[in-house]
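Any read-out appearing in this document is the output of simple, stated calculations on the displayed coordinates, not a laboratory observation. Computed from a prediction, not measured in an experiment: that's the story for all the values here. Cβ coordinates were reconstructed from backbone atoms using ideal geometry, including for glycine residues, and neighbour counts include every protein chain displayed.
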Amino acid sequence: MCGNRRLFRIIKTINFNQILKHLFMPLKLYLLPILTLFIMTFSSCSKKDSGSAVKPTEEGLKVSLTNVTEASYTAAAGSTYTFQAAVTSKLPSSGVNITVKAVTDPGGVNIPQNAVAPSTSGAIAITLIGLEPLRTVLVTVVITSTSNPDNTITKTFWITNKAE
């Protein structure tokens, strides 16, 4: 019992308010700036309202190439060669963009091609230029919807200029 009284007297003499004040005073100084940064961080990272308007989805592009053999070899009679890309699916109302890339195979040397104008019709004429004699070229045609860049189709074929 005597031990409990002694402990009680010691506890009575300790001023817990002073101890708490000294422990948490530095925290009070930093609390306001920390809370401000915390609020600014999470308010700026909150999800913005993207609007309730839902864009109608487009039909996926389907394209066929004429005058070339897709994913195979085609022979050209000269340094230029014209072929057609026909959009067989429903054409997007805003049209399509066409990108043509020609690279020597083997070698990987880029052969610059003329830009193809965006099209709103189903048939697109594409002319390859700069085909060197007896050189095989890998041609990649990328057709993308103007209004939806995710609606893309890629076609590839090889072409060789057989003229000497």
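When Lys and Arg each count +1 and Asp and Glu each count -1, what net charge do the other residues less than 14 Å away from residue 104, Cβ to Cβ, add up to?
0
Simple spin-label model, 7 Å along Cα-to-Cβ: residue 120 to residue 75 in nm?
Result: 4.1 nm between the two label points.
Between residue 147 and residue 37, what is the FRET efficiency for a Förster distance of 45 Å, r being their Cβ-Cβ separation, to the nearest 0.05?
For residue 147 and residue 37, the calculated efficiency is 0.65.
If packing is taken as the average number of other Cβ atoms within 10 Å across a peptide's residues, how do 62-69, 75-82 rank, most packed first?
Those peptides, ordered most packed to least, come out 62-69, 75-82.
Give me the extension gain from residue 99 to residue 62: residue separation times 0.36 nm, minus the current Cα-Cα distance, reported in nm with one decimal.
That pair, residue 99 and residue 62, stretches by 11.8 nm at full extension.
Can you work out the Karplus-derived ³J(HN,Hα) for every residue in region 155-164? Use 6.51 cos²θ - 1.76 cosθ + 1.60 with θ = phi - 60°, whole Hz, and x for glycine or proline.
Here the 3J(HN,Hα) series is 10, 10, 7, 10, 9, 10, 7, 7, 6, 10 Hz.
7 Å from Cα along Cα→Cβ at both residue 135 and residue 90: what's the point-to-point distance in nm?
4.4
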